[in-house]
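The values are calculated or read from the model by the stated rules, or taken from the named source; none is laboratory data. Quick caveat: nothing in here was measured; it's all calculated off a predicted structure. Note: ideal-geometry Cβ built from the backbone for every residue, glycine included; neighbour counts use all protein chains shown.
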Amino acid sequence: MEERTSSCTAMVLDEGISFTLYEVCRSCGVHAEVIVEMIGEGIVTPKGSSMREWRFDGIAIRRAQQALRLQADLGVNLPGAALALELMEEIERLRRLALRTGAV
Amino acid sequence: MKFRDYYAILGIERDATQDQIKQAYRRLARKFHPDVSKEPDAENRFKEVGEAYEVLKDPEKRAAYDRIGGGWQAGQEFTPPPGWDTGFEFSGGGFTDAGGFSDFFEALFGRMEAGRGPGPGRGFRAKGEDHHARIMVDLEDSFHGRARTVTLSMPEVGADGRVHTRQRTLNVRIPKGVCEGQRIRLEGQGGSGWGGAPKGDLYLEIRFRPHRLYRPDGRDVFVELPIAPWEAALGGVLTVPTLGGKVDLTVAAGAQSGQKLRLRGRGLPGKPPGDQYVVLKVVVPKATTPEARALYEKMAQQFPVNPRAALDV
């Protein structure tokens with residue numbers, strides 16, 4: 001056990017930030033083909049017409065990483081991961097609604 | 001070191017078939033997967049379940065574990081009997097991504113992990129592993145963009161090739177206006193790279209501690225404002241708490257319970273900033289004195305109203 005304190009600045013992965021395909025691949029540790037497959041499943045949706053111009057927001061990094069973890073840990077395939085992500089986001093939306101209205 | 005009951009962790013009998021073990025694992029892995037579950041200890045439960053499965057799915061490891069015997073209770077102080085594993089051949093299979101197994105696992109099967117490579121990784125990169133964690137912060141931290149000290153436990157592969165848990169404390173400036181569920185990335189704060197490659201990144205998922213007054217929804221903030229019946233009926237200027245301090249809110253005459261008033265831009269900061277919604281809640285004082293009763297009775301005569309007219313009663 002070792003204790004270490006260091007200071008660092010955080011970057012928020014939200015809609016207001018933009019990444020190239022290369023940066024998304026690097027963040028996820030995968031080849032471009034994997035991200036292209038994810039685009040096909042609607043897991044991530046870049047802005048821009050050609051691969052060179054593709055720009056992804058911070059949410060895309062989160063979704064791509066989650067899809068990869070679901071695949072690796074639970075043995076689901078990519079369409080299954082896409083479905084799980086959509087359902088999880090729906091649950092999150094309902095959870096927020098419940099929080100807001102004080103139901104929980 | 002505490003004994004771990006892998007059968008109890010998976011909720012199965014000691015004579016469960018390999019199929020039953022797999023089914024139990026799959027079910028619990030889905031339930032406690034940190035991306036899926038919102039339970040605060042989901043990550044630990046997921047790791048525990050993964051560790052139990054790592055042992056029980058492998059007939060060799062399961063046989064060795066069973067040989068220790070069923071006499072142990074979970075949590076009991078445990079030292080492996082000398083030579084407990086003699087006569088068992090380990091094929092060294094079973095690589096699990098999660099890493100960071102318990103001391104108990106390490107003591108029994110640790111030597112198999114020693115031959116492990118430079119840590120789990122997918123694909124081509126030699127960059128260090130990315131780490132993920134969930135942190136609890138206060139709404140005020142997001143509103144003001146305060147620096148917070150967070151303590152994280154990270155599994156790390158040591159020089160001996162074994163996995164150790166390392167505690168570290170990070171001073172993180174919580175970005176102004178960050179919302180519940182958003183991820184923040186701290187570059188170079190993940191696992192060590194190898195072959196001179198850069199370190200991985202640290203991803204933190206933001207969760208807000210429940211607040212005494214405010215309920216966040218994205219950048220918007222909701223607050224319930226109790227008001228007296230005459231304040232609702234007559235209207236007036238009421239003082240309302242916001243994250244940025246007290247503000248005056250004008251309530252029009254004839255306000256009702258449940259009515260939602262908006263304070264533009266008084267939510268979490270951002271472009272655009274969130275709003276604060278004030279939800280009115282009329283609080284009716286009890287008629288505890290004869291004078292109060294008389295007042296209410298006078299009101300009943302003065303306002304011959306049927307509030308349930310729309311219910312046809």
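A count restricted to the stretch B:29-52 and to residues that are more than 11 Å from chain A (Cβ to nearest Cβ) and farther than 23 Å from B:I135 by Cβ stands at 2. The set of residues in the stretch B:245-269 that are at positive phi and touching a strand residue (DSSP E or B) at 6+ places or on another chain (Cβ under 9 Å) comprises B:G258, B:G265. What do you reckon, is A:V30 under 22 Å from B:H33 (Cα atoms) and surrounded by 15 or more Cβ atoms within 10 Å (Cβ to Cβ)? Yes: the conditions hold for A:V30. Just wondering, is there one or more residues in the stretch A:2-12 that are in contact with a helix residue (DSSP H, G or I) (Cβ under 9 Å, 6 or more places away or on another chain), under 23 Å from B:S142 (Cα atoms), outside any helix (DSSP H, G or I) and without any contact (Cβ under 8 Å) to a residue 60 or more places away in the chain? For the stretch A:2-12, residues in contact with a helix residue (DSSP H, G or I) (Cβ under 9 Å, 6 or more places away or on another chain), under 23 Å from B:S142 (Cα atoms), outside any helix (DSSP H, G or I) and without any contact (Cβ under 8 Å) to a residue 60 or more places away in the chain: present. Can you confirm whether the stretch B:184-200 contains a residue that is free of Cβ contacts under 8 Å to residues at least 60 places away in the same chain, among the β-branched types (V, I, T) and within 26 Å of B:V279 (Cα to Cα)? Among the residues of the stretch B:184-200, not one is free of Cβ contacts under 8 Å to residues at least 60 places away in the same chain, among the β-branched types (V, I, T) and within 26 Å of B:V279 (Cα to Cα), which makes the answer no. For the stretch B:257-313: of the residues being of a type in the set (K, R) and touching a Gly at 6+ places or on another chain (Cβ under 9 Å), which is modelled with the lowest pLDDT? This residue is B:K271.
Is there a residue being of a type in the set (A, V, I, L, M), more than 12 Å from every other protein chain (Cβ to nearest Cβ) and under 30 Å from B:A292 (Cα atoms) anywhere in the stretch B:208-226? Checking the stretch B:208-226: at least one residue is of a type in the set (A, V, I, L, M), more than 12 Å from every other protein chain (Cβ to nearest Cβ) and under 30 Å from B:A292 (Cα atoms).
Within the stretch B:256-311, can you find the residues that are more than 38 Å from the chain's Cα centre (by Cα) and either within 23 Å of A:T101 (Cα to Cα) or among the polar types (S, T, N, Q) (or both)?
From the stretch B:256-311, those more than 38 Å from the chain's Cα centre (by Cα) are B:285-311; that's our starting set.
Listed by number, the residues that qualify are B:T288, B:T289, B:Q301, B:Q302, B:N306.
Count, please, the residues in the stretch B:181-216 that happen to be among the acidic types (D, E), within 21 Å of the chain's Cα centre (by Cα) and surrounded by fewer than 21 Cβ atoms within 10 Å (Cβ to Cβ). The total comes to 1.
One line per residue, one yes/no per condition, for (1) free of Cβ contacts under 8 Å to residues at least 24 places away in the same chain; (2) within 13 Å of another protein chain (Cβ to nearest Cβ); (3) under 18 Å from A:G29 (Cα atoms):
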position: A:E53; (1), (2), (3): yes, no, no
position: A:G58; (1), (2), (3): no, yes, yes
position: A:R62; (1), (2), (3): no, yes, yes
position: A:R69; (1), (2), (3): yes, yes, yes
position: A:L74; (1), (2), (3): yes, yes, no
position: A:A81; (1), (2), (3): no, yes, yes
position: A:A84; (1), (2), (3): yes, yes, no
position: A:L87; (1), (2), (3): yes, yes, no
position: A:R95; (1), (2), (3): yes, yes, no
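Counting only residues that are in a strand (DSSP E or B) and among the charged types (D, E, K, R), the stretch B:263-281 holds 1 of them.
Yes/no per residue for (1) out of contact with any strand residue (DSSP E or B) (no Cβ under 7 Å at 6 or more places or on another chain); (2) closer than 18 Å to B:E205 by Cβ:
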| position | (1), (2) |
| --- | --- |
| A:A10 | no, yes |
| A:E15 | yes, yes |
| A:R26 | yes, no |
| A:E37 | yes, no |
| A:G42 | yes, no |
| A:M51 | yes, no |
| A:G58 | no, yes |
| A:L74 | yes, no |
| A:G80 | yes, no |
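Would you check if B:G190 is at pLDDT 70 or above, on the phi > 0 side of the Ramachandran plot and not β-branched (V, I, T)? No.
Looking at A:L97, A:L74, can you tell me which residue is within 30 Å of B:P272 (Cα to Cα) and of a type outside the set (V, I, T)? Break it down stepwise before answering.
Working: A:L74 fails: within 30 Å of B:P272 (Cα to Cα).
After applying the criteria, what remains is A:L97.
Quick check: anything in the stretch A:15-22 surrounded by 16 or more Cβ atoms within 10 Å (Cβ to Cβ), at pLDDT below 90 and in contact with a helix residue (DSSP H, G or I) (Cβ under 6 Å, 6 or more places away or on another chain)? Yes, the stretch A:15-22 has at least one match.
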